[in-house]
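Before any comments, here is the structure.
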Amino acid sequence: MAVIETAGLTKQYPGVTALDSLDVRVEDGVTGLVGANGAGKSTLLKILLGLLPATSGSARVLDHDVRTEGPQIRAMVGYMPEHDCLPADVSASDLVVHLGQMSGLPHAAARERAADVLRHVGLAEERYRPIGGYSTGMKQRAKLAQALVHDPHLVLLDEPTSGLDPAARDDMLALVRRIGTDFGIAVLVTSHLLGELERVSDAIVVLDGGRLLRSSATTEFLHTTGSLLVEVQGRPDADRLLGQALVDAGLAARPAEGRMIEVDVRDEHTRDQVRDLTVDLGLGLVRMQERHHRIEDVFREGGAGRVQPV
Ligand SMILES: Nc1ncnc2c1ncn2[C@@H]1O[C@H](COP(=O)(O)OP(=O)(O)O)[C@@H](O)[C@H]1O
Ligand SMILES: [Mg+2]
């Protein structure tokens, strides 16, 4: 069963089509929802929670209809909103206990659960202080904790790394990953930064202007964007010779830094082809390594030009 499934989902605000006939399927695991600002990510999450009506089309979350079964969905789904929504004069501990009780937990269970999730997100002693004095990173952790308190099957995390410095962002991403792996909770996490979700997501959905640009497993993304850096020796023009041979063999190859050749990986035979051609030319293979490739490379090729790389 898909965790989330939409069909022809459309949302129009006056003068703006925020979602345009979207067909998306999200499975268990961690899914990254990526798109530039204004792509429709937050709108999609609010519709999935049953908080915002769609203009047309349909969506099911954990096999419930968002149009008619919002309360059932919200009982099983945690939501971390994008914008600051925390009361300044309450401690994270009191807030999360309170929200746990609102979700139906008895007081003692809510306290226990709140302590667990706050510890899990890494809020220690400061959880007893008023949220108004928290750093952005601590506020994001508190928002994450409240999304987890009622033991959801799925969490929707809207830009959890927003406003964080690189170290805090890495911590938050690791936390997001652990929610999926250690707790077995399905995660849909958004970001306007393409590069950051590929490390923690099993699948990536890309929105562009309210439309689905791409949806696939992260490994597939990386496979299609992968390239090899090859260094050969044996003749002064060894790199040029190999580059030409690769192009003649129908591969996409180009000169790279340090007299190396960069070859796009076409399929699982590409490595063998490079090695065989090198041997055929009587050259020596010094090294062949995968270039650190990133999802954003897909977009540089001319997909969503507006998506910002990290
Ligand atoms: N309440 C609203 N009223 C009118 N337009 C809105 C509203 N919320 C969002 N939009 C518009 O819908 C589009 C998608 O917004 P949003 O879902 O917030 O995108 P994202 O979260 O990807 O940045 C944008 O053009 C935005 O300006
Ligand atoms: Mg948003």
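Points to keep in mind about this one:
- Every pair of residues 6+ apart whose Cβ atoms lie under 7 Å, when the first sits in region 40-67 and is open to solvent by 30 Å² or more (accessible area, probe 1.4 Å) while the second is in a strand (DSSP E or B) and near ligand 1 (Cβ under 8 Å from one of its atoms): Ala54/Lys11; Thr55/Lys11
- Filtered residues of region 196-240 (kept if open to solvent by 40 Å² or more (accessible area, probe 1.4 Å), touching a residue at least 40 places away in the same chain (Cβ under 8 Å) and farther than 30 Å from Leu44 by Cβ): Glu231, Gln233, Gly234, Arg235
- When Phe183 is tested against (1) in contact with a strand residue (DSSP E or B) (Cβ under 8 Å, 6 or more places away or on another chain); (2) more than 30 Å from Val286 (Cα to Cα), exactly one condition is not met: (1).
- Checked against the criterion of being buried (at least 19 other Cβ atoms within 10 Å of the Cβ), modelled with pLDDT of 90 or more, within 18 Å of Leu99 (Cβ to Cβ) and over 16 Å from the mean Cα position of the chain (by Cα), region 150-161 has at least one qualifying residue.
- Among the residues of region 166-177, those that are of a type outside the set (Val, Ile, Thr) and either surrounded by 24 or more Cβ atoms within 10 Å (Cβ to Cβ) or touching a residue at least 24 places away in the same chain (Cβ under 8 Å) (or both) comprise Ala168, Arg169, Asp171, Met172, Leu173, Ala174, Leu175, Arg177.
- Once region 108-122 is narrowed to residues that are more than 15 Å from Val176 (Cα to Cα) and of a type outside the set (Asp, Glu), the residue that is surrounded by the most Cβ atoms within 10 Å (Cβ to Cβ) is Ala114.
The values are calculated or read from the model by the stated rules, or taken from the named source; none is laboratory data. Everything numeric in this text was worked out from a predicted model, so none of it was measured. Virtual Cβ from ideal backbone geometry, glycine too; neighbours counted across all protein chains shown. In case anyone asks, the SASA skips ligands and DNA or RNA and just uses the protein heavy atoms, side chains included. Shrake-Rupley method; radii C 1.70, N 1.55, O 1.52, S 1.80 Å.
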